[in-house]
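The values are calculated or read from the model by the stated rules, or taken from the named source; none is laboratory data. This one's a predicted model, so the numbers in the text were calculated from it and none came from an experiment. In this analysis, Cβ positions are derived from the backbone assuming ideal geometry, glycine residues included, and neighbour counts consider all displayed protein chains. All accessible areas refer to the heavy atoms of the entire protein, side chains included, with ligands and DNA or RNA removed. Shrake-Rupley method; radii C 1.70, N 1.55, O 1.52, S 1.80 Å.
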Amino acid sequence: MTSVAMKVYDLQWFTTFGMGYDEAAAALRADGVDLVLTQNRIDPLPGSGVDQSAYLADATGRIGAYDDRAWVEALRRAGLAVEQTTATFFDPAALAVFPNARPVNAKGEPDAGFAWYVGVCPTHEGYLDWKIARLRRVVEELAPAGLFLQFCRYPGFWENWTPDYRFSDADSFCFCDRCRTRFAGDEGIELPPGDVAGQARTILTEHGDAWTRWRCARMVEAIGRIADGVEAESRGLRITLNTLPFPSSDFGGRDVRREVAAQDLPLLAGRVDRFELMTYLQILARPVEWVATAVADARRGLPTDREIVTTLQVAPLYTEGVHAGRGRVPAISADDLAAAARQALDAGVDGLVFYHWTDLLEDEARGGSKRAVLREIGRG
């Protein structure tokens, strides 16, 4: 039977909808969910597409009574597995503590970010040590079945990468002094004197393949340090990686998952048990048939014991303001959700993930039927 996971990235089930721990866990179980990807207050998720700032600011209200341990214990009582999530290389507040962890693009510009997102350089040792210390506490205090590593890549607001997106030097990272120096030393390359942009151009034009391989190796290294730091193997913790969904047939045949984000799935399979593809059709302006293409591409070269799961988007995002004009449809119907699920299941995924629970609860409160789709999938 295919696994059904739910992303529970906010606490609105507890605040806005007033559910208790056991009530919420029972509701997820009744909907056919067997795995919950949840946040915690030890290593909290920064604000993102799931904005938590408004209700989290009211510390005197119900949110003040929330307890991570009570939540995960209720989930376990309901027979649900729990993976704790972390925003691996995304934490805007941490950049104030580790200012030289801000990535630099191929134009020589520090990453200014886009909308709510700004990345963290994956080679910053101090930042990664700090992150691992937090994750060690998460594992010791909450005893999850696994860790779900989000934002484990080089920077990029991938949500903007609709079919007509044109990549530029502003999308290429990271060319900070630390990365350039280490790359040159590891590869035995002497970079020409000059500014960052000039050296970046030399790297990209003369050593592009080596640069891609080097960055992909850094991602494997970082995940390995996390897994070793939390003693994942000895504790039996599953490592799930949040990966970009783009098949190599997109963007004129450029493998942006590997070349831009430095996510080489076969290489990562040495430290990762499960790969999640963010097949968010509405955000990315892709047709439902694209899911099968993305799954087949991700499978290529993976060991047979490594799992592929796809995430289905429940509610529309990024249709207004700076996000407008990218061909995104303004709505996702229950039929759309069901069609995406069928496409993924027909493609042979090992599991479905739904993004995210608050959207399903809000849809039901408006009289919608998306939770009925979830229950139907859960019944097999």
Tell me, what is the 1.4 Å probe accessible area of residue 356, in Å² to the nearest 10?
10 Å²
All lysines inside 27 Å of residue 131 as judged from Cα atoms, apart from same-chain residues fewer than 8 positions distant:
7
For the chain, what is the mean residue ellipticity at 222 nm derived from helices alone (per DSSP H run of n ≥ 4: -39500 (n - 2.57); sum divided by total residues; nearest 500 deg cm²/dmol)?
-11000 deg cm²/dmol
Given that just one value was derived from the coordinates, which of (1) 36; (2) 16; (3) 29 is percent of Cα pairs over 38 Å apart?
(2)
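Taking the Cα centre of segment 100-159 as the origin, how large is its charge dipole in debye, to the nearest 20, when only Lys and Arg (+1) and Asp and Glu (-1) carry charge on their Cβ atoms? Intermediate values should be presented prior to the final figure.
Working: 7 positive and 7 negative charges, 5 e Å.
The dipole of segment 100-159 has a size of about 20 debye.
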Among 200, 65, 269, determine the one that fluctuates most according to a GNM of the chain built with springs between C-alpha atoms less than 10 Å apart.
65
Based on the alpha carbon coordinates of segment 279-380, what radius of gyration and maximum Cα-Cα distance (Dmax) apply, in Å?
14.3, 44
Enumerate the whole-percent occupancy of each 5 Å bin, from 0 to the last occupied one, for all C-alpha pair distances of segment 110-244.
2, 8, 17, 19, 17, 15, 11, 7, 3, 1, 0
For segment 186-320, report the % of Cα-Cα distances exceeding 21 Å.
52 percent
Taking the Cα centre of each part, how many Å lie between segment 102-135 and segment 302-326?
22 Å
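Work out the length of the dipole vector of the chain about its Cα centre, built from +1 on the beta-carbon of each Lys and Arg and -1 on the beta-carbon of each Asp and Glu, and round it to the nearest 20 debye. Don't skip to the answer; put the middle values down first.
Working: 42 positive and 54 negative charges, 36 e Å.
For this selection, approximately 180 debye.
Which order do you get for 2, 279 if you rank them by accessible area with a 1.4 Å probe, largest at the top? Don't jump to the answer; show the numbers that get you there.
Working: 2 45, 279 5 Å².
Largest accessible area first, the residues go 2, 279.
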